[in-house]
Amino acid sequence: MTIPNVTGAATAAPRPDEVERLRKTGKQFEGVFVMQLFKAMRDTVPQDEGVLSGGAGEDMFNSMLDQKMSDKLPEQWHHDLSDVMVAQLKNRLSPQQSPVAESPKLPRPEAPEIR
């Protein structure tokens, strides 16, 4: 007895352009993840303690530094979070053999006349 595929996953190989888009999205997700990690780490450090407080300028600098680091840090990982996401989600992409189907155009109901 075979169990039908009820998860909606595609059974054929996904199209290469869709896999590449999924990889890009995974890399972007890694950047967001690292950015949130840095933000959480900065929130644990006491602010305004010390003789010199940077104020808004320091906050802006730290934000820009965290953003730049969150872009570069995932490139150095050997086992990417995005690789795991691609492996997990690749089966849900549309199959390579079937073209993208458009939804059928249904006639619009006419709006009632307002008097």
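The values are calculated or read from the model by the stated rules, or taken from the named source; none is laboratory data. On a predicted model such as this, the values are computed, not experimentally measured, just so you know. Quick reminder, even Gly has a Cβ in these numbers, built from the backbone with ideal geometry, and neighbours come from all protein chains shown. Areas reflect the complete protein model, heavy atoms only, side chains present, ligands, DNA and RNA absent. Shrake-Rupley method; radii C 1.70, N 1.55, O 1.52, S 1.80 Å.
For this structure, a couple of remarks:
- Those residues of segment 39-54 which are within 15 Å of LEU65 (Cα to Cα) and at pLDDT below 80, in sequence order: GLY54
- Pair list, Cβ under 6 Å, 6 or more apart: segment 23-35 residue over 18 Å from MET64 (Cα atoms), other residue among the hydroxyl-bearing types (Ser, Thr, Tyr): GLY26/SER82; LYS27/SER82
- Neighbours by Cβ (under 7 Å, 6+ apart or cross-chain): first from segment 58-76, farther than 14 Å from LYS39 by Cβ; second open to solvent by less than 100 Å² (accessible area, probe 1.4 Å) and of a type outside the set (Val, Ile, Thr): ASP71/GLY31; PRO74/LYS27; PRO74/GLU30; PRO74/GLY31; PRO74/ASP80
- Number of positions in segment 47-76 that are open to solvent by less than 80 Å² (accessible area, probe 1.4 Å) and assigned to a loop (DSSP other than H, G, I, E, B): 3
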